[in-house]
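Comments concern the structure below.
Read-outs throughout are calculated quantities, based only on the coordinates presented, and are distinct from any laboratory measurement. All values reported here derive from a predicted model rather than from experimental measurement. Positions of Cβ are backbone-derived with ideal geometry, glycine not excepted, and every protein chain shown enters the neighbour counts.
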Amino acid sequence: MHYETVRLLQDFISTKNEIFLFSSTGTGFMEASVRNCVRKKMLCCINGSFGERFAEVAESNGITLVKLAPPLGQPISVEELDGALRENPDVEAVALTHNETSVGLINPLRELAATVKKHGKLLFVDAVSSMGGTDINVDELGIDVCFSSSQKCFGVPPGLGMGSVSEQALNLSATATNKGWYFDFKVWEEDQKKGHGTPVTSVIPQIAGLNTALKLIQRNGGKKWYFDLYKERNRKIREGIEKIGLSTFPLKGSESPTVNCINAPKTMEGGVVYERMRQNGFELAEGYGPLKKKTFRIGNMGYIEMADIDLMLKTLRNVISSQ
């Protein structure tokens with residue numbers, strides 16, 4: 001099952017790179033990318049709290065950091081990234097949060113990846129809340145480490161961090177020092193090639209769940225069917241939000257396909273909306289970080305029926321109008 005799941009995921013994200021199934025969350029893969037591949041300096045693109053986490057992970061490992069952080073709600077632009085790389089030619093890698101759930105924003109991955117590769121840098125992509133919700137072609141984009149977590153778009157319980165690792169990243173890992181053992185790419189590669197699967201206890205239920213989810217996608221028409229499902233559910237949520245008189249937080253055109261960050265009404269803080277929806281049986285998400293009071297979030301990940309969305313929107317309208 002382990003190796004079948006690896007092959008299924010390779011096909012899903014369009015890569016021939018090694019895929020490792022870590023017994024961890026996606027943050028484990030985040031730290032692994034830094035410890036295995038970066039010696040001195042890297043650039044972190046920051047659109048919100050999870051971009052900040054990548055920066056914290058890098059700094060905690062002694063890496064000199066360049067931060068590229070546009071105002072909240074705005075994506076990373078090609079011009080900004082190109083300028084930052086020209087000003088800092090000694091950075092070894094660029095870290096990008098593809099889909100920043102804290103603000104409900106998706107970055108233009110294809111264009112940003114091309115800019116990174118133009119400068120000859122490694123590219124690490126946090127795809128925790130985008131892998132499975134939108135297409136990612138790892139090999140075409142030249143992504144060196146692309147990782148996600150089981151509990152997001154594939155709708156599997158948490159505990160599995162999965163990701164692809166390029167040959168260049170593996171070569172850098174081979175000569176890295178002070179990279180630890182648990183997330184050593186070469187340790188995982190060796191056991192995988194020996195037929196052991198993983199060097200530590202495997203999270204078998206989560207791998208079985210991911211295996212089932214990937215096969216379910218295949219049976220229902222493949223990736224296009226799954227991505228179209230996400231688009232349709234998201235369209236339904238956004239249109240419903242607009243009818244209630246609410247709006248999304250990010251720059252128009254940069255809204256996430258998997259989570260909507262909604263501006264709270266003027267008469268009610270985002271946390272109040274969240275609590276009242278919870279009292280009515282709906283688990284949305286609170287605003288995150290500096291947007292905690294100003295926003296609330298509606299996820300579009302895992303198993304959701306269209307009827308569930310209709311009922312949620314009806315309840316939300318009642319909650320908002322009750323103030």
Which value, in debye to the nearest 20, describes the size of the charge dipole of segment 2-219 about its Cα centre when Lys and Arg Cβ atoms bear +1, Asp and Glu Cβ atoms bear -1, and nothing else is charged? 320
Sparse-neighbour loop sites [trypsin sites (Lys or Arg not before Pro); segment 26-134; at most 10 other C-beta within 10 Å; DSSP]: K40
Positive-end extreme of charge dipole, the chain - chosen from A55, S148, M268 (charges on Cβ): M268
HN-Hα J couplings of segment 112-119 from phi, Karplus 6.51/-1.76/1.60, θ = phi - 60°, integer Hz, Gly and Pro as x? 5, 4, 4, 5, 4, 6, 4, 8
In a Gaussian network model over the chain where Cα atoms closer than 10 Å are linked, find which of L160, L21, L68 has the largest mean-square fluctuation. L68
For the residues I320, I46, what sequence is obtained by ranking on other C-beta atoms within 10 Å, fewest first? I320, I46
A chain fully extended from D308 to N137 at 0.36 nm per residue, minus the present Cα-Cα distance, gains in nm 58.4 nm
Mean-position separation - Cα centroids, segment 132-173 and segment 1-49, in angstrom: 4
Value at 222 nm in deg cm²/dmol, rounded to 500, when DSSP H runs of n ≥ 4 in the chain each add -39,500 (n - 2.57): -13500 deg cm²/dmol
Report the GluC sites (Glu not before Pro) located in segment 210-283 that are in a DSSP loop and have at most 10 other Cβ atoms inside 10 Å of their Cβ, or state none. E283
Taking only Cα atoms and a 10 Å spring cutoff, compute GNM fluctuations for the chain and point out the largest among N260, N88, N220. N220
Work out the charge dipole of the chain with +1 on the Cβ of Lys and Arg and -1 on the Cβ of Asp and Glu about the Cα centre, then indicate which of V165, L122, S23 is farthest towards its positive end. S23
Counting only DSSP beta bridges with both residues in the chain, what percent are antiparallel, rounded to the nearest 5? 55
Give me the lysines in straight-line cross-link reach of K266: C-alpha distance below 19 Å, same-chain residues under 8 apart excluded. K243, K292, K293, K294
